[in-house]
Amino acid sequence: MTTALAPTAPPRWQLLYSPRAWRRWFAAKSARIRDAHSERAYDQLAPFVPAGARVVDVGAWDGRLGRLLRDRRGCDVTLVDVVDHNVTDLPFQVYDGRNLPLADADRDRVIVMYVLHHAADDLAVLREARRVCRADGRVLVAEDRVDTVGEKVRTIGFHAWLATFTFMGWTRFRKEHAWRARFAAAGLRVEEVVPLGAVGALWPRNVLYVLAPA
Ligand SMILES: C[S@@+](CC[C@H](N)C(=O)[O-])C[C@H]1O[C@@H](n2cnc3c(N)ncnc32)[C@H](O)[C@@H]1O
């Protein structure tokens, strides 16, 4: 089990004169947002991940979600991504974004959280998710909604803001009917669509697709 000390925010009065205090404030704020993101994702996914499941988190970023699944649900978790920002001690592999380094039907749960709209080839990611998922397993895909004008404005606005901090661009957002067509093309059947709400008024509306091998 890995633990890391969260940065602490400086007393507010130090912000009046100290650039270093601003840096500490920003680090503490970022850590709070990051931890809240992992906790929220965990709470949303946990009902769909059986205890002890063999899981791969595709596009795992820092791996914190996978670590929560291991520590709280006893899951056997592997992380993969196209870049290495892993901060955990979980097994992690950088891959080419197209061919998952896993055997066929290797996993009970394949997690693809907010990844497809960043992927150069989202269909390849979905086909691979289908391949490595067991026949009785599930692929769990979270996405940001763009079905209404308001959702589109929030989703694009948020990603423009995200890109300024992380240099992480996006390729394509899709409406629900287009995702459904994409899942079908990859051999995945939509079992459930779970609205996940939003972090705040200006944040994207999120949705979880629970997919079964067709
Ligand atoms: C918005 S982040 C989401 C990270 C994490 N899943 C989460 O929910 O916090 C998008 C992630 O997708 C990764 N990514 C982009 N293209 C990918 C691909 N083809 N396969 C796997 N991951 C990819 C990025 O490197 C990044 O870690």
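The values are calculated or read from the model by the stated rules, or taken from the named source; none is laboratory data. From a predicted model like this one, the values you see are computed outputs, not experimental measurements. Heads up, the Cβs are rebuilt from the backbone with ideal geometry, glycines too, and the neighbour counts pull from every protein chain shown.
What are the residues in region 155-207 that are in a strand (DSSP E or B) and among the hydrophobic types (A, V, I, L, M, F, W, C), if any? Reasoning before the result, please.
Keep residues of region 155-207 that are in a strand (DSSP E or B), which gives 188-197, 206-207.
Result: Leu188, Val190, Val193, Val194, Leu196, Val207.
Check Phe167 against each of (1) at negative phi; (2) within 16 Å of the ligand (Cβ to nearest atom) and name the one condition it does not meet.
(1)
The conditions are (1) away from the ligand (no atom under 11 Å from the Cβ); (2) out of contact with any strand residue (DSSP E or B) (no Cβ under 8 Å at 6 or more places or on another chain); (3) of a type in the set (A, V, I, L, M, F, W, C); (4) free of Cβ contacts under 8 Å to residues at least 60 places away in the same chain, and Phe173 fails exactly one of them. Which is it?
(2)
Between residues in region 106-123 that are on the phi > 0 side of the Ramachandran plot and residues that are near the ligand (Cβ under 8 Å from one of its atoms), which pairs lie under 6 Å by C-beta distance while being six or more apart or on different chains?
These pairs meet every condition: Tyr114/Ala142.
Kindly indicate whether Ala135 is within 11 Å of the ligand (Cβ to nearest atom), under 22 Å from Ala184 (Cα atoms) and not in a loop (DSSP other than H, G, I, E, B). If you could, list the steps in order and put the result at the bottom.
Values: within 11 Å of the ligand (Cβ to nearest atom): no; under 22 Å from Ala184 (Cα atoms): yes; not in a loop (DSSP other than H, G, I, E, B): yes.
Considered against the rule, which asks whether it is within 11 Å of the ligand (Cβ to nearest atom), under 22 Å from Ala184 (Cα atoms) and not in a loop (DSSP other than H, G, I, E, B), Ala135 comes out as no.
Can you tell me which of Asp122, Asp89, Asp76, Asp57 is within 13 Å of the ligand (Cβ to nearest atom) and either basic (Lys, Arg) or over 13 Å from the mean Cα position of the chain (by Cα) (or both)?
Working: Asp89 fails: within 13 Å of the ligand (Cβ to nearest atom); Asp76 fails: within 13 Å of the ligand (Cβ to nearest atom); Asp57 fails: either basic (Lys, Arg) or over 13 Å from the mean Cα position of the chain (by Cα) (or both).
On inspection, the qualifying residue turns out to be Asp122.
Suppose the filter is under 17 Å from the mean Cα position of the chain (by Cα) and in contact (Cβ under 8 Å) with a residue 40 or more places away in the chain; does Glu143 pass it? Talk me through it step by step, then tell me what you get.
Details: under 17 Å from the mean Cα position of the chain (by Cα): yes; in contact (Cβ under 8 Å) with a residue 40 or more places away in the chain: yes.
Judged against the criteria, Glu143 is a match.
Collect the residues in region 176-187 that are without any contact (Cβ under 8 Å) to a residue 12 or more places away in the chain and surrounded by 15 or more Cβ atoms within 10 Å (Cβ to Cβ), keeping them in residue-number order. Walk me through how you get there before you give the answer.
Within region 176-187, the subset without any contact (Cβ under 8 Å) to a residue 12 or more places away in the chain is 177-178, 180-181.
Listed by number, the list holds a single entry, Arg180.
For the subset of region 100-115 comprising residues that are hydrophobic (A, V, I, L, M, F, W, C) and over 13 Å from Met168 (Cα atoms), which member is nearest to the ligand (Cβ to nearest atom)? Lay out the reasoning, then the answer.
We begin by selecting, within region 100-115, every residue hydrophobic (A, V, I, L, M, F, W, C); these are 100, 102-103, 105, 110-113, 115.
Cutting the leftovers down to over 13 Å from Met168 (Cα atoms) gives us 100, 102-103, 105, 110-113.
Details: Leu100: 9, Leu102: 13, Ala103: 18, Ala105: 20, Val110: 11, Ile111: 7, Val112: 8, Met113: 4 Å.
Across region 100-115, the extreme among qualifying residues is Met113.
So which of Arg70, Arg127, Arg98 ends up being in a loop (DSSP other than H, G, I, E, B) and at pLDDT 95 or above? Give the steps one after another, and end with the answer.
Numbers: Arg70 fails: in a loop (DSSP other than H, G, I, E, B); Arg127 fails: in a loop (DSSP other than H, G, I, E, B).
On inspection, the qualifying residue turns out to be Arg98.
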